[in-house]
Structures are given as structure tokens and as C-alpha cells.
Amino acid sequence: ELNDGRVWMVIRTQLGRFYESFSDDGRVWSPPEPSRFKSSNSPGGVLRLRDGRLIFIWTNGVGPPYASDMQAIWHKYVEESWCRQVLNAAVSHDDGKTWHGYREIARLADHEPVSHRFGYPNLVELPDGDLLVTFGYNRGRGRWGDDYLYLNPDQLDATIDPEDFTEGLIGWSQT
């Protein structure tokens with residue numbers, strides 16, 4: 001629910017971005033329109049923190065399709081909608097009018113094939129203000145499991161994130 005009483009619905013699609021709709025009463029909704037968030041066909045997770053900020057976590061982008069023995073029979077737009085190799089997070093201080101951060105919080109390791117992927121993020125604010133983010137992790141060939149990470153939402157407001165990459169991308173993502 002937004003501060004003005006409207007409900008914001010974020011809709012997953014296979015169109016390369018989330019769509020959004022708004023309602024004053026939960027019964028009548030505005031026509032869905034493209035949102036600012038690029039996406040695969042995986043749903044995103046949104047949470048209002050106790051301090052009023054909104055956090056959104058999603059697979060940001062449409063890119064190389066996941067690898068599959070059936071790949072040749074999929075239509076191009078469906079193939080590309082399976083890009084789920086990275087989870088990202090953003091924060092809004094103004095009820096979703098603007099978003100900041102767009103940080104990568106989980107990525108597949110370099111040695112993992114693109115058939116592995118993330119999806120279905122869920123967020124819970126812990127008593128100390130950190131977030132517990134759970135998400136599905138497919139290790140290929142339909143072997144889905146769950147994984148989790150902790151995220152300090154203040155990291156999404158940071159304007160400097162020093163990293164020398166001597167350890168590769170390890171310091172770049174939470175996982």
C-alpha cells in the first residue's frame with residue numbers, strides 16, 4: 001500500500017519488463033502499463049520497511065536465454081524472458097516515484113552454466129533493520145532449491161562502493 005492509500009501491483013510479464021497497476025480499493029485497477037523495471041519473467045519482491053522506504057528485488061534485465069535441450073523450440077521472446085542469472089535490489093524514499101541503488105545482490109558464479117538461475121524473491125525485515133531475502137535457485141535441469149542472503153538496506157543508498165576486484169566478483173555481490 002502506498003502512502004496515499006492506493007495499492008501498487010507489480011505484474012510479471014514475458015515482455016521484458018514488469019507492468020504495474022494501481023487501485024484505490026483493491027477491486028478496480030488501472031490498466032496495466034510498463035514500469036521502469038526491466039525483467040525476466042520471474043516475479044519481483046517488494047517490501048515497505050518500518051521507516052517507510054520501499055525495497056524492490058528482481059532479476060534485472062532481459063538477456064541471454066537459459067540453456068535447455070528444448071531451447072530450439074522456444075520463441076525468442078520466451079527464451080529471453082528466462083534471464084535470471086542476477087538478482088538486483090533498489091530502494092525508494094518517495095513511495096516509488098524514484099528509485100536508487102539498483103545493486104546486484106546475488107549472481108551466478110563464473111563457473112556456473114546459464115541454465116542455473118534465481119527467482120521468486122521474498123523479503124522480511126528483521127528486528128535489527130536488515131533484510132532476510134529468500135529466493136529460489138535452480139541448479140539446472142529442474143533442480144530447484146531455496147537460498148537466502150542478508151541485506152542491509154542502507155547499502156542501497158551508498159554512493160561509493162569501493163572494490164579492487166583482486167578476488168574477482170566476490171565483493172561485488174552478496175552471494
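Rule-based calculations on the coordinates, nothing more; no lab input. Because the structure is predicted, anything quoted here is derived from the model rather than measured. Cβ atoms come from the backbone with ideal geometry, glycine included; neighbour counts cover every protein chain shown.
Listed values, structure above:
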| item | result |
| --- | --- |
| Virtual spin-label span in nm between ASP95 and LEU49, 7 Å along Cα→Cβ | 1.9 nm |
| Extension gain from MET9 to ASP157, taking 0.36 nm per residue of separation minus the Cα-Cα distance | 50.9 nm |
| Two-site label geometry, SER30 and TYR102: point separation in nm, points 7 Å out along Cα→Cβ | 2.2 nm |
